[in-house]
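A.B. asks: What follows is a single structure, and I will ask about it in a moment.
Bear in mind these aren't lab numbers, they're just calculated from the coordinates by the rules spelled out. Given the structure is predicted, the values throughout are model-derived calculations rather than measurements. For neighbour counting, all protein chains shown are included, and Cβ atoms are generated from backbone atoms with ideal geometry for every residue, glycine included.
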Amino acid sequence: MKNNKTVYITAGEESGDMLGAGVIRSLKKKQNGLSFKGIGGLKMEEEGLVSVYDSRELGFMGFFELVKHAFVIRRAIRTIFNHIIKDKPSLILMIDFSEFHIKLAKKIKRVLPETRIIKYVSPQIWASRYGRIKDIVKYYDCVCCILPFEKALYKDFPVDSRYVGNPVISGYSLKLSFNDFCNKFGLDTEKNIISVFPGSRIQEIYNHLPVLKKFIELITAERDDIQFVLCKSSSIKGTQVEKTFSDLPVRIIHSDHHWEILNYSSVALCKSGTVTLQSAAAGTPSVVFYRVNPLSFMIAKRIVRTKFISLPNIIAGKYINPELIQNDFCPENLMREVKKLMDHEDIYDLRKKELGHVKNILGDEIPSDRIAETVIEYLEAE
């Protein structure tokens, strides 16, 4: 017998944990008596998720890294699958983390074909491996898209696809005023802030910090009108970040204040990913960078179909944020792009205007509410 009071929610990394926590909050407001079980991190657990596997163990990326961590993936899938078989929930919400979740969905549908599976965040089939759509429409009952153009990709297939808005836009909020922020973290209100978002995965930190450190050394030797803030993800443990910048004037601030960091920055240096869209929501011009394992990059280069990797650029369909990828990500190129923004008001103002256009395209839907409504709709249809 199916359990329609327990909603299984699975998320594979920090960003998914944040999305999952928002959905649980919305569900608790809209529907009494539900319980939540699955894979999550601290934020989902704080909202009441009974986690059977810690999502922080799944915080890796890239083709080479997925092979390297194959044992962890298998163990996580086996663990959550065994719990699902035992509990027989009516509905499972899978958040992002596409490769992991399609494996899990296949396994579940073979044994429990009537169990409804909702996928929150469409796999980026528009970027690479479009053929995955065959499995997506076969093993997911509903695909909830967070980019406006994605819904149309599924129009010729027998699957419920919906645009639910983008969580970046709906999540925008400030806890501190500019003066309070500067006072709290010892920043000079008269100097421009350049923020650094090196990534939320440990291998991103290894790949990005050396270049970022050298850039900061170079530009601080030239200019005295700037100060640096580095946003440290809660998923990065230890003191490596602090040790790397111990001899430089860099304020390291926890990601709990990432909106303040972005909003009060003149320029943001962003690892390619969600933070690039967050910078658009804040209206802060950015320089986007990315460096991965050379094998992962070689494979990605062969299969990725998009002209851009930065989400604001992809949504706008044109070059807004400069992108420094792999070998192009070097201190000299960072210097060139940052100085272009800092020293040319016309370029800076145009970037801000274009980022505002991207924000308008995304709209003002609240995804956590839309997802919660979708979950309840599917539960009530049982």
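A.B. asks: So for each of 318-329, 287-298, 11-22 I average, over its residues, the number of other beta carbons within 10 Å; can you give me the resulting order with the highest mean first?
C.D. replies: Sorting 318-329, 287-298, 11-22 by mean packing, highest first, produces 11-22, 287-298, 318-329.
A.B. asks: On a 0 to 90° scale, report how tilted helix 331-343 is relative to the longest principal axis of the chain, with both axes built from alpha carbons and the result rounded to the nearest 10.
C.D. replies: Roughly 80 degrees, rounded to the nearest 10.
A.B. asks: State the extension gain, in nm to one decimal, for the chain segment bounded by PHE149 and HIS254, taking 0.36 nm per residue of separation less the distance between their alpha-carbons.
C.D. replies: The span from PHE149 to HIS254 would gain 34.5 nm if fully extended.
A.B. asks: Mind listing the long-range amide H neighbours of LEU49? Cut-off is under 5 Å, sequence gap 5 or more, other chains count too, H placed in the peptide plane at 1.01 Å from N.
C.D. replies: Amide H neighbours of LEU49, under 5 Å, 5+ apart: none.
A.B. asks: Could you tell me how many degrees, from 0 to 90 and to the nearest 10, lie between the Cα long axis of helix 14-30 and the main elongation axis, the longest principal axis, of the Cα atoms of the chain?
C.D. replies: That helix lies at roughly 50 degrees to the long axis.
A.B. asks: Further question on the same structure: From the phi of every residue in the range 358-372, what ³J(HN,Hα) in whole Hz does the Karplus formula 6.51 cos²θ - 1.76 cosθ + 1.60 yield, where θ is phi - 60° and glycine or proline is x?
C.D. replies: Once θ is set to phi - 60°, the couplings for the range 358-372 become 4, 4, 5, 4, 6, x, 10, 4, 9, x, 4, 5, 5, 5, 4 Hz.
A.B. asks: Another question about this same structure. Considering the zone a paramagnetic label at ASP343 would reach in this model (a point 7 Å from Cα along the Cα-to-Cβ line), which residues of the range 231-270 have amide N under 14 Å from it?
C.D. replies: none
A.B. asks: In addition: Quick one: of LYS151/LYS301; LYS37/LYS155; LYS243/LYS352; LYS28/LYS184; LYS43/LYS86, which pairs are farther than 29 Å apart, Cα to Cα?
C.D. replies: Too far apart for the 29 Å limit: LYS37/LYS155; LYS243/LYS352; LYS28/LYS184.
A.B. asks: Test of understanding: in a Gaussian network model of the chain with alpha carbons linked when under 10 Å, which of HIS357, HIS344, HIS208 would top the mean-square fluctuation ranking?
C.D. replies: HIS344
A.B. asks: Among VAL275, VAL121, VAL241, which one shows the highest mean-square fluctuation when the chain is modelled as a Gaussian network with alpha-carbon springs under 10 Å?
C.D. replies: Most flexible of the set in this elastic network: VAL241.
A.B. asks: Please arrange LYS43, LYS184, LYS109, LYS237 by how many other C-beta atoms lie within 10 Å of their C-beta, fewest to most. If you can, show how the numbers build up before the last one.
C.D. replies: On the way: LYS43 21, LYS184 13, LYS109 16, LYS237 9.
Ascending Cβ contact count within 10 Å gives the list LYS237, LYS184, LYS109, LYS43.
A.B. asks: Could you give the length gained by full extension between SER35 and GLN240, i.e. 0.36 nm per residue of separation minus their alpha carbon distance, to one decimal place?
C.D. replies: Gain on extension, SER35 to GLN240, equals 70.0 nm.
A.B. asks: While we're on this one: Please give me the summed charge of the neighbours of LEU355: other residues whose Cβ is under 14 Å from its Cβ, Lys and Arg +1, Asp and Glu -1. Don't jump to the answer; show the numbers that get you there.
C.D. replies: Working: positive: LYS318, ARG351, LYS352, LYS353, LYS359; negative: ASP349, GLU354.
Result for the local shell: +3.
A.B. asks: What is the magnitude of the charge dipole of the chain about its Cα centre, with +1 placed on the Cβ of each Lys and Arg, -1 on the Cβ of each Asp and Glu, and no other charges, expressed in debye to the nearest 20?
C.D. replies: For the chain, the charge dipole is close to 1740 debye.
A.B. asks: Once you list every other residue whose beta carbon is under 11 Å from the beta carbon of PHE185, what net charge do they have if Lys and Arg are +1 and Asp and Glu are -1?
C.D. replies: Taking every other residue near PHE185 into account, the sum is -1.
A.B. asks: Helix-derived [θ] at 222 nm for the chain: sum -39500 (n - 2.57) over DSSP H runs of at least 4, divide by residue count, nearest 500?
C.D. replies: Calculated mean residue ellipticity at 222 nm is -14000 deg cm²/dmol.
A.B. asks: Rounded if a/c is under 1.5, else prolate if a/b beats b/c, else oblate: with a ≥ b ≥ c from the C-alpha gyration tensor eigenvalues square-rooted, which is the chain?
C.D. replies: It is prolate, given that a/c is not under 1.5 and a/b is the larger ratio.
A.B. asks: While we're here: Which order do ILE216, ILE125, ILE261, ILE303 fall in if you start with the one that has the fewest other Cβ atoms within 10 Å?
C.D. replies: Numbers: ILE216 22, ILE125 17, ILE261 27, ILE303 11.
The order, fewest Cβ neighbours first, is ILE303, ILE125, ILE216, ILE261.
A.B. asks: Give me the dipole magnitude in Debye, nearest 20, for the range 178-362 about the Cα centre, with unit charges on the beta carbon: positive for Lys and Arg, negative for Asp and Glu.
C.D. replies: 920
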